[in-house]
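A short write-up of the structure that comes next.
Nothing in this text is a laboratory measurement; each read-out follows from the coordinates by a stated rule. Since we're looking at a predicted model, the values are computed, not measured. Neighbour counts run over all protein chains shown; Cβ positions are idealised from the backbone, glycine included.
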Amino acid sequence: MKSRNIYIDDISVFKDLKIDCGNCFSFCCVALYFSKVDGFPKDKSSGEPCVNLNSDFTCKAHKDLRKKGLKGCTSYDCFGAGQKVAKITYNGINWSKSPELAGEMFNVFLLMTQLHEMLWYLSMVYSLEKEETLRNIANIIIQETIEITLLKPEALLKLNIDMHREKVKEVLTKASEKIRSKFVSKNNQTLSKNYIGKNLKSVNLRGTDLSGALLLVTDLSNNDLSGVNLIGTDMRDTNIKATNLQNSLFITQQQVNNANGDSNTKLPASLTIPKYWSK
């Protein structure tokens, strides 16, 4: 069944939530914990620079990341938090030349990533067509969250982020319930949260809640995921070739990067088809 696009065409609200590595100081290559099992060069602790990180914040293996099986590097997405911390929070000061600030910067980056992720989900609600009430509520929390991201480092690190997350969650839950109800049908099957390696290509999933579900190596090819809540869903190596995700809820670039799609996969306009997907 063909579905009308539930999102407006204007995606400018996502502009500052896209990664811009050229204006970052490679925070993800240092601040994050790496596991070789998850497609990173080697196991490393948070605060330890990646073995492939150059002194100018570029990557020694950037051109060959996929060939070397470093899926973790090509899939990770900080929702634009890196350049925010580099250029706005610290006004161009980098952790390499100011090592006394390194630990603080990394903690701020991790916090900022969470805030930008919230902004991404809220922006998806704000982008819903013909949902003025939801959009207005989302916009209020978006503006409040943006103000928080502009705080000084000391104030950011004192933030009760769990309290703010609950406020965001309330908006997302309302949006999910309302939008999913428009797609769900009597033929939907009762779902669990573990579908690792399962074949779901013929299962009616429209309007279902797959938030937090495990879809690793799950076959969703040629399926219609309209109105499906995908927040926090693990989509590593999920087969979404020719899958319709155009009207899916709370899908992120990192989920898309982790999945296996092709040129026939339909995504919301806010997302980009990875160059390494099959044609």
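A simple rule links phi to the HN-Hα coupling: the Karplus curve 6.51 cos²θ - 1.76 cosθ + 1.60 with θ = phi - 60°, which for the range 239-253 gives 7, 10, 5, 6, 8, 9, 10, 4, 10, 6, 9, 6, 7, 10, 5 Hz, with x for Gly and Pro.
If you run the Gaussian network model on the chain, springs between alpha carbon atoms under 10 Å, then out of I88, I231, I240 the most flexible one is I88. Sorting the segments 213-219, 66-72, 120-126 by their residues' average number of neighbouring beta-carbon atoms within 10 angstrom, most packed first, yields 120-126, 213-219, 66-72.
Cysteines of the chain lacking any other cysteine Cβ under 4.7 Å from their own Cβ: C21, C24, C28, C59, C73, C78.
Step through the table entries K84/K167; K15/K130; K182/K241; K68/K279; K97/K169; K71/K193, compare each Cα-Cα distance with 27 Å, and write down the pairs that go over it. Mind dumping the intermediate values first?
On the way: K84/K167 23 Å; K15/K130 22 Å; K182/K241 24 Å; K68/K279 21 Å; K97/K169 38 Å; K71/K193 24 Å.
Result: K97/K169 exceed 27 Å.
Report, to the nearest 10°, how far helix 102-126 tilts away from the longest principal axis of the Cα atoms in the chain, using its own Cα long axis and a range of 0 to 90°. The angle comes out near 20 degrees.
When the Gaussian network model of the chain links Cα atoms closer than 10 Å, the mean-square fluctuations of K167, K178, K63 top out at K63. Relative to the longest principal axis of the Cα atoms of the chain, the long axis of helix 132-149 lies at roughly 10 degrees. Once divided by 2.2 N^0.38 Å, the Cα radius of gyration of the range 99-161 becomes 1.33. The angle between the Cα long axis of helix 161-180 and the longest principal axis of the Cα atoms of the chain comes to about 20 degrees, rounded to the nearest 10. Residues whose amide H comes within less than 5 Å of that of N204, counting only those at least five positions distant or on another chain, are Q189 (H built at 1.01 Å from N in the peptide plane).
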